[in-house]
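What follows is one structure encoded as structure tokens, with my remarks underneath.
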Amino acid sequence: ELGPCWADLDRISLSSTGDVQFSIWVSFFEIYNELIYDLLEPAVAGQNRKRQTLRLCEDQTGNPYVKDLNWINVRDADEAWKLLKLGRKNQSFASTHMNQNSSRSHSVFSIRILHLKRDGSEVVPKISELSLCDLAGSERCKDQKSGDRMKEANNINTSLHTLGRCIAALRQNQQARTKQAVVPFRDSKLTRVFQGFFTGRGRSCMIVNINQCASTYDETLYVAKFSAIASQLVQAPPTKLGLPSLQSIIKEHNRRASQGPEAEAEEDVESEEDTEEEADVSMYEKKDLLRVVEAARELLVQERQKKLQLEVRLREEICNEMLEHMQQKEQWWSQHVDAQREQLEELYEGKMNILKELLTDHYQEKMQERDEEILELKAALQETKQKLESLDSKQKDSEQSVRRSKRVTTSSALQQELADTKARLEQCQKELNSTGAELRKYQKLVEPPPSAKPITMDVDRKLEDGQKNVRLLRSELQKIGESLQSAERACCHSTGAGKLREALGTCDDILARQ
């Protein structure tokens, strides 16, 4: 953030003590509901003003910083105090159950000192930073009534709980160096801002204010335990990589140059005193530095080749071990599968036998039940057949009786008709006899005298009347014959049909003769 200002030193308030110059920069921001706000930003006029939230980023080395945060250059402590009071006015305060004017956010006031050391024509910068963080007090959520206070209390308690988890994880990692736990710095903005102070790039100190009131015993006990864990935390400086010194690289290069390019470099174990007593780079000449670079390049190529060979060998060993392990596993699994198959076959054979026995018993019982049902149905069929036969016999008897009654009625009707025809025939015979007698009388008088002409006329009239009567009788006899024929067709099944036919035939002959 301060890099562009180093070139323009006239705009920076510098204090000089010999070859060292320094300037002081301050910033003030708060973390409210897990959002970062700049407290030194000028307030916007109006009631519905909305402050700009800032974003937490990382630089190239992984150190977190607040982007677009205002850093102000101050000349003395009074200016810094005025800026602190100005930022306190923009801070979030509210009345809670515990305090009438309680801060509802974590505020961070940072002071940076820029050291500028002149070494000839060059300026060597160095930055030191001091951050003062005012943590918001933890309160019980059940004591809060409104929605905003409840949300603020939840965020405050969550961030403080995350801070406690980070401190506990760091303490656990210091006690058990073999098994390292993950420190949850990224779970909260507060722990993310101060991650560098806990990981060896700085030092931290905690100041706890305790209320002696008995009503806040639980909160006081929690804060005391929290500070006890923090006091046990030992902050170690960052570890340095054990790199070879420039003198050892130069010696190795000279030795290899004297022995030839094909000679292999031997591994020399440098002592801690040699690595700590490293000389300044400016004391070496340019040729020596170039030789150091070439030697380091060759050593790097050799180390890469060694690492590649080692990686290939390790990969081959791992592949062989994995192949053997897979073969053993395959053999074990095949044996296990065969054993399981045999066990399952035995198990399922027994189950199949039991199932067969159960099915045979079940179907035998079913067959017996069906046989019994068939016998019952046969008996029922025989009973129904007997009943049907009895009903058929009864129906036949009734039909025969009906037929007999019909025959009797038809025979009686025919007898009556025959009697009527006989009576009519007798009447016709009597009329014929009377007419025949009259004809005989008239035949005797065929040759009447001339004086008897009127009498003959009467006779002729009577003859014509007799012929008419004979015709009428014949038509009536034809009708009677037709009725008799219909009666014959209706009574064709009766026993006296032949006799009736003979009688009718005789009647027809007699009528024809007459």
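Ignoring ligands, DNA and RNA, please state the percent of accessible area on the stretch 20-232 from carbon and sulfur, probe 1.4 Å. After summing per-atom areas, the C and S share lands at 51 percent.
First select every other residue whose beta carbon is under 12 angstrom from the beta carbon of Phe197; then total the charges, Lys and Arg +1, Asp and Glu -1.
Details: positive: Arg192, Arg201, Arg203; negative: Glu129.
Charge balance near Phe197 sits at +2.
For the stretch 20-232, report the accessible area per residue in Å² (1.4 Å probe, heavy atoms, rounded to an integer). Can you show the working numbers first?
On the way: 13240 Å² over 213 residues.
So the stretch 20-232 comes to 62 Å² accessible per residue, rounded to a whole number.
Between Glu438 and Ser483, the FRET efficiency from the beta-carbon distance, with R0 = 45 Å, is close to 0.90.
Between Glu346 and Lys394, the simple label model (points 7 Å from Cα in the Cβ direction) yields a spacing of 7.4 nm. Relative protection proxy for 381-394, 179-192, 60-73, from highest mean packing down: 179-192, 60-73, 381-394 (other beta-carbon atoms within 10 angstrom). The overall shape of the stretch 20-232 is oblate: from the C-alpha gyration tensor, with semi-axes ordered a ≥ b ≥ c, the ratio a/c is 1.5 or greater and a/b is no larger than b/c. Fully extending the segment from Leu375 to Ala94, taken as 0.36 nm per residue of separation minus the present Cα-Cα distance, adds 91.2 nm.
Spin-label model, Ala77/Glu357: points 7 Å from Cα along the beta carbon direction are separated by 10.2 nm. For the stretch 348-449, the gyration tensor built on C-alpha atoms gives a prolate shape. Its axis ratio a/c (a ≥ b ≥ c) is at least 1.5, and a/b is the larger of a/b and b/c. From the residues Ala224, Leu39, Ser110, which one has its Cα farthest along the dipole of the stretch 20-232 in the positive direction, the dipole being from +1 and -1 charges on Cβ of Lys/Arg and Asp/Glu about the Cα centre? Of the candidates, Ala224 comes out farthest on the positive side. Applying 0.36 nm per residue to the separation of Leu132 and Ser412 and subtracting their alpha-carbon distance, the gain on full extension is 86.1 nm.
The values are calculated or read from the model by the stated rules, or taken from the named source; none is laboratory data. All values reported here derive from a predicted model rather than from experimental measurement. So basically every Cβ, Gly included, is an ideal-geometry build from the backbone, and we count neighbours across all protein chains shown. Ligands, DNA and RNA are stripped out before the accessible areas are found, and what is left, the full protein with its side chains, is counted by its heavy atoms. Shrake-Rupley method; radii C 1.70, N 1.55, O 1.52, S 1.80 Å.
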